[in-house]
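Here's the structure we're looking at; comments come further down.
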Amino acid sequence: MEKQNRSGTAGKVIRCKAAVCRNPGEPLVIEEIMVDPPKAWEIRIKILCTSLCHSDVTFWKISIGPFALFPRIFGHEAVGVVESVGEHVEEFQEGDMVVPVFRPNCRECRDCKSQKGNGCSIFGDKLVAEMPRDGTSRFKGMNGETLHHFLSVSSFSEYTVVDVVHVVKISSEFPAEKACLLSCGVSTGIGAAWKVADIEEGSTVAIFGLGAVGLAVAEGARLRGASKIIGVDLNQEKFEIGKKFGVSEFINPATCGEKKVSEVIKEITDGGVDYSFECIGLASLMEEAFNSSRANWGKTVILGVEMHNTPLAINTYFLLRGRTVTGCFFGGLKAKSDIPILAQKYLHKEINLDGFITHEVNFQDINKAFDLLLEGKSLRCIIWMD
């Protein structure tokens, strides 16, 4: 208990700055807020840096439906230091460097113990708006109003409270800005290539969408020895960027004329790729990714979240011939066991994380990170709290 209280703030409400979204699609406002101390099985984290993911932007835009909850503190890619811990917390202590993760990993339930997937049957059924155990918020505005959480992380705040099932401990020697990347997007792409597709040497790969997740898929495919990595994107500049991550060929759908992208891919791969990845979130592209895969064994992995709820139309005859399609959250990774492995691979200079960081801004300039992502100018913009 003595170790837990060195900061002098344990058990007390902390006043700090947060970037609050009050209305959908509007710029975030830096406000002073109150952060409650952690309850049982929770920890309070001092955020060192955070980054902006497309999922933040997607939910930031939603104006109707159950996911349109405001005022809200967004952010789910981050790294920080444990400020204090709640009751029954044995895995973490004050001073630990940690990465919060939106995908829960309790390590106790049937799903967490299974190697067949990365779901959690206790905490992973739905995207909760507040803390997962009691459904209440740890954030309040200075007038006492409730501020909603986001994906169980809410890292656009100098301090946040996260349940232990959403946190991974990493070495304090690991560079903070690189650790931030392992919190969501980069881990998702590499995991999809390694665990979900399980790409083998000599494989051919197509990636629809060369944002951070798509390029992380390319990095994973490169490290597995793929012989051909085809990137598909409307932004011509992504080809030069993609080369750093192993993209060997590039297709811009706008320059394909009357041909479909899948037809072009089949031509240059003699019948279709072994593995196809959709990293945008459009049912039409998911279908095109599926059609780009090889007839008898092609595997399509869906990483993009279809926000229009459009169903995926697939000719079942193609499934009968041997093609498969699957989806995954967080690249099929189990956060508590797999993130430390990725961290070690970076320290051993096996994984390129540096190339994903294209911009860095101060917390006060967080809206610039939104502008850069919306303009297609950044992969990951690191937002430094101090």
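The values are calculated or read from the model by the stated rules, or taken from the named source; none is laboratory data. All of these numbers come straight from a predicted model, not from anything done at the bench. With ideal geometry, Cβ positions are generated from the backbone for all residues, glycine too; neighbour counts draw on all protein chains shown. Just so you know, the surface numbers come from the protein's heavy atoms only, side chains and all, with ligands and any DNA or RNA stripped out. Shrake-Rupley method; radii C 1.70, N 1.55, O 1.52, S 1.80 Å.
If I ask for residues that are more than 14 Å from LEU333 (Cβ to Cβ) and either among the β-branched types (Val, Ile, Thr) or in contact with a His (Cβ under 7 Å, 6 or more places away or on another chain) (or both), which ones from segment 95-128 would you list?
VAL98, PRO100, ILE122, VAL128
Anything in segment 80-99 that is open to solvent by less than 20 Å² (accessible area, probe 1.4 Å) and either touching a Pro at 6+ places or on another chain (Cβ under 8 Å) or more than 25 Å from GLY8 (Cα to Cα) (or both)? List them, or say none.
GLY80, SER84, VAL85, GLY86
The rows are residues; the columns are (1) assigned by the TED database to the domain that holds VAL101; (2) under 25 Å from LEU181 (Cβ atoms); (3) in contact with a helix residue (DSSP H, G or I) (Cβ under 6 Å, 6 or more places away or on another chain).
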site	(1), (2), (3)
LYS244	no, yes, yes
SER262	no, no, yes
ILE268	no, no, no
LEU285	no, yes, no
LYS299	no, no, no
VAL305	no, yes, no
TYR317	no, no, no
LEU320	no, no, no
ARG323	no, no, no
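Could you list all residues from segment 150-198 that are of a type in the set (S, T, N, Q) and closer than 30 Å to VAL247 by Cβ?
Initially, segment 150-198 is screened for residues of a type in the set (S, T, N, Q), giving 152, 154-155, 157, 160, 171-172, 183, 187-188.
Matches in segment 150-198: SER155, SER183, SER187, THR188.
Can you give me the number of residues within segment 21-38 that are out of contact with any strand residue (DSSP E or B) (no Cβ under 8 Å at 6 or more places or on another chain) and either free of Cβ contacts under 8 Å to residues at least 40 places away in the same chain or crowded, with 18+ Cβ neighbours inside 10 Å (or both)? Steps first, answer last, please.
Just the residues of segment 21-38 that are out of contact with any strand residue (DSSP E or B) (no Cβ under 8 Å at 6 or more places or on another chain), to begin with: 23-27.
Filter once more, keeping what is either free of Cβ contacts under 8 Å to residues at least 40 places away in the same chain or crowded, with 18+ Cβ neighbours inside 10 Å (or both): 25-26.
Looking only at that region, the number is 2.
Suppose we filter segment 109-128 for residues that are assigned to a helix (DSSP H, G or I) and farther than 20 Å from ALA192 by Cβ; how many remain?
So the count comes out to 2.
Here's the yes/no breakdown for (1) over 20 Å from GLY304 (Cα atoms); (2) hydroxyl-bearing (Ser, Thr, Tyr); (3) assigned to a helix (DSSP H, G or I); (4) in contact (Cβ under 8 Å) with a residue 60 or more places away in the chain:
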| site | (1), (2), (3), (4) |
| --- | --- |
| SER155 | yes, yes, no, yes |
| VAL162 | yes, no, no, yes |
| VAL165 | yes, no, yes, yes |
| GLU177 | yes, no, yes, yes |
| GLY191 | no, no, yes, yes |
| GLY202 | yes, no, no, no |
| ALA206 | no, no, no, yes |
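For segment 353-377, give me the residue count where each residue is outside any helix (DSSP H, G or I) and either at pLDDT below 95 or buried (at least 22 other Cβ atoms within 10 Å of the Cβ) (or both).
The number of residues fulfilling the criteria is 4.
Only one of PHE59, PHE102, PHE74, PHE67 is surrounded by fewer than 18 Cβ atoms within 10 Å (Cβ to Cβ) and aromatic (Phe, Trp, Tyr); which?
PHE67
Of the numbered conditions (1) in contact with a Gly (Cβ under 6 Å, 6 or more places away or on another chain); (2) crowded, with 17+ Cβ neighbours inside 10 Å; (3) under 30 Å from VAL29 (Cβ atoms), GLY331 satisfies every one except a single condition; which is it?
Evaluating GLY331 over (1) in contact with a Gly (Cβ under 6 Å, 6 or more places away or on another chain); (2) crowded, with 17+ Cβ neighbours inside 10 Å; (3) under 30 Å from VAL29 (Cβ atoms) leaves (3) as the failure.
Given the options ARG72, ARG44, name the one that is in contact with a strand residue (DSSP E or B) (Cβ under 9 Å, 6 or more places away or on another chain) and farther than 23 Å from ILE339 by Cβ.
Only one candidate passes the filter, namely ARG72.
For VAL81, are the conditions met, namely being touching a residue at least 12 places away in the same chain (Cβ under 8 Å) and farther than 22 Å from ILE341 by Cα?
For VAL81, the condition - touching a residue at least 12 places away in the same chain (Cβ under 8 Å) and farther than 22 Å from ILE341 by Cα - is not met.
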